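Remarks on the structure that follows.
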């Protein structure tokens, strides 16, 4: 098609994990969904949907959601903007900051969408490798001085946390924008949220997809200095978040007790699954997310194992990326699901 | 903020029409919402939402919605892609087709978002003026040979339809992509849908915001040759449409009888309001949409009238655009709302 942009012909696009239709008899441990349902408050909120809210355009700024998030996070509403999932915000940030040919820097392995979004923008992705011990490559990332730098912490698929000191060093010494993607923050104890108060070039991304069990709702948000938020709002889709998502999202984030209780269950299961996989001869990396990076015993290839598990009705994720191509990422399921996984692995 | 892209500093962003919070005692005739509620089938579908659908990522391709749309439109599902409102698809198309500095062509007045999206992309917007009689400027648009050309038909804020012959001529003679934005198609009798079968450079945009009364849901779709659809899918947000919107949207588009019945009511009210405004001394243009472009009697300025109506609890839209700055766009409301408008105008 001659009218398509030339550089897009070599862009592969992002390949999301397999999403079998609802109701498929499959144990889905491939896309880091929370195994427990969202807060009952979400369903209570859905019962109150007024035809008027669907007939009319939603509030462009989703103020009802931002006010609730503001109270939960103790940060003013004008430091927050919303997106149709944090994926949309990743794309929006790159479009706001990265000139064609400029650099998008991130460590690898990490979230592959950073690469895809950079390629779509005709930017230059600079992938700084974690070493074999998965040490965070702070100096190389600093030296690269990206127009934008993406740091996921906790970082999928490894599960590692990036230290506060490293993030502080990046914030203070990068000329460009530092995006700290905290999609998995609910499964750990620390956050870099305070950095946005001290550094106007830091933006934090959050999502309701993981801790709040709302991947199907598409609601993410960004926290940064109001001037940066205003600039993002200028180019964002006016009605990025629909009326139902804003309503249900506010109900979910208000119910911290439900989220925390689900998270505690996931953390207990993560410890058990970690232990069980080690006993089965797997190498397992410490994880601060709702997933484990594992390397099968020497005689078994990661891809072959993924395929075998699929025939047994269990989906896990393989990434053809430097440092993890011989490993698999397994989402923490319910205890029943994790035990079923271990039973099959034992055979 | 030094890290923001230079050209964005002069971009104003899109200013959506005022969206007062739900429950505000206001007659809202400013953003072309349908005055009648969406299909009861939508609410029946919302009652069936399973926690699993929210916990899990949605189907990236929204196949359930596309299958239903496919049956209604009699076009295969792989000729359709979905977006978070057709606004998202407008942005996606420009990012897929327009190199920096290349041209985005559209007649003016038309949907102002075409300009905003072109500016954000650092493209060159070429605005071809309708003349005073609002004649479609076919030859100038052809001569401009845009990388992408946007034609809204029916076209807001004028209300005019672009003839089939004109669209056919554009499709056959433009080297770039021709986007026919049919947001208001449900309020008229004709569609350019057949053009996508004959021309690989034509893409049709549809939305559920107007005819289906679902502006709050954010669901739009595009129809084009499967090769073009695949290329758009490659760069689109993987989960652009959430699980609830896909479900509710399918229910809405399946219920053609409800949509058609609402549309008939709007068309009857449009004829009545048109007549009443003429009797009040307004000049009123023929409209194929759910709105009327009107010019107040000579002694009254459009902006002053808009402000006065606002103090009386009625919102209408003014566009500071060539050819319509002395006019107002009034959305067709319920008969009660339209009569209230006329009562106030009479004073």
How would you classify the range A:143-273 from its alpha-carbon gyration tensor, with a ≥ b ≥ c the square roots of the eigenvalues: rounded for a/c under 1.5, else prolate if a/b is greater than b/c, otherwise oblate?
-> oblate
Per residue of A:230-237, count partner chain C-beta atoms within 10 Å of its C-beta, then hand back the mean as an integer.
-> 6
Number of partner chain Cβ atoms within 10 Å, mean per residue of B:56-62 = 6
Over the range A:264-303, calculate the relative contact order: mean separation of alpha carbon pairs under 8 Å at least 6 apart, over the residue count, as a percent.
-> 31 percent
Give the shape of the range B:1-70 as rounded, prolate or oblate, defined through the alpha-carbon gyration tensor: a ≥ b ≥ c are the square roots of its eigenvalues, a/c under 1.5 means rounded, and otherwise the shape is prolate if a/b is larger than b/c and oblate if not.
-> oblate
For chain B, what relative contact order do you get, as a whole percent, if you take Cα pairs closer than 8 Å and at least 6 residues apart?
-> 24 percent
If you count, for each residue, the other Cβ atoms within 10 Å and average over each peptide, how do B:269-276, B:214-221, B:202-209 line up from highest to lowest?
-> B:214-221, B:202-209, B:269-276
Fewest-first ranking of B:301, A:153, B:10, using other Cβ atoms within 10 Å as the exposure measure = B:10, B:301, A:153
If each of residue A:52 and residue B:7 carries a label point 7 Å out from its Cα toward its Cβ, how far apart are those two points in nm?
-> 4.3 nm
Between the range A:292-317 and the range B:213-233, the alpha-carbon center distance in angstrom = 36 Å
Taking B:279, A:164, A:288 and counting other beta carbon atoms within 10 angstrom, the fewest-first order is B:279, A:164, A:288
Beta bridges per DSSP with both ends in chain A, % antiparallel, nearest 5 | 45 percent
Given q = 0.17, 0.23, 0.26 Å⁻¹, what are the Debye log10 I(q)/I(0) values for the range A:260-347, with equal point scatterers placed on the Cα positions and solvent ignored?
-> -0.66, -1.22, -1.53
Near-label residues of the range B:261-282 by backbone N, under 18 Å of a point 7 Å along Cα→Cβ of residue B:335 = B:261-277
Calculated FRET efficiency, residue B:43 and residue A:194, Cβ-Cβ r, R0 51 Å, to nearest 0.05?
-> 0.70
Shortest first, in nm, what separates the label point of residue B:23 from those of the same position in the other copies (7 Å along Cα→Cβ)?
-> 3.7
With a 10 Å radius around each residue's Cβ, average the other Cβ atoms per peptide and rank A:56-65, A:189-198, highest first.
-> A:56-65, A:189-198
Gyration tensor on Cα atoms of the range A:216-309, a ≥ b ≥ c root eigenvalues, a/c under 1.5 rounded, else prolate if a/b beats b/c, else oblate, says prolate
A correct Kirkwood calculation over the Cα atoms of the protein assembly as shown returns a hydrodynamic radius in Å of 26.3 Å
Among DSSP beta bridges whose residues both lie in the protein assembly as shown, state the antiparallel percentage, nearest 5.
-> 45 percent
Which values, in whole Å and largest first, are the semi-axes of the equivalent ellipsoid of the range A:40-255 obtained as the square root of 5 times each eigenvalue of the Cα gyration tensor?
-> 30, 18, 15
Relative contact order of the range B:1-126 (C-alpha contacts under 8 Å, at least 6 apart) in percent is 25 percent
Centre separation in Å (Cα based) which lies between the range B:106-182 and the range B:3-18 = 22 Å
Using the eigenvalues of the Cα gyration tensor, what equivalent ellipsoid semi-axes result for the range A:152-223 when each is taken as the square root of five times the eigenvalue, whole Å, largest first?
-> 22, 14, 9
Relative to a virtual label point 7 Å from the Cα of residue A:24 in the Cα→beta-carbon direction, which members of the range B:41-61 show backbone nitrogen distances below 19 Å?
-> B:50-61
Is it possible to state the helix-based mean residue ellipticity at 222 nm for chain A, with each DSSP H run of 4+ residues giving -39500 (n - 2.57), the sum divided by total residues, to the nearest 500 deg cm²/dmol? What is it?
-> -11500 deg cm²/dmol
Span per principal axis, largest first, for the Cα atoms of the range B:57-138 (Å) | 44, 31, 16
By how many nm would the segment from residue B:261 to residue B:230 grow when fully extended, if each residue of separation counts as 0.36 nm and the alpha-carbon distance is taken off?
-> 7.7 nm
log10 I(q)/I(0) for the range B:1-155, Debye formula on C-alpha points only (no solvent), q = 0.14, 0.19 Å⁻¹, two decimals, reads -1.04, -1.29
What residue among B:238, B:24, B:86 has the largest mean-square fluctuation in a Gaussian network model of chain B, using Cα springs under 10 Å?
-> B:24
Counting partner chain Cβ atoms within 10 Å of every residue's Cβ in A:240-250, what's the average?
-> 4
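Just so you know, all these numbers are worked out from the coordinates, no wet-lab data involved. From a predicted model like this one, the values you see are computed outputs, not experimental measurements. Don't worry about glycine lacking a Cβ; one is built from the backbone with ideal geometry, like all the others, and counts go over all protein chains shown.
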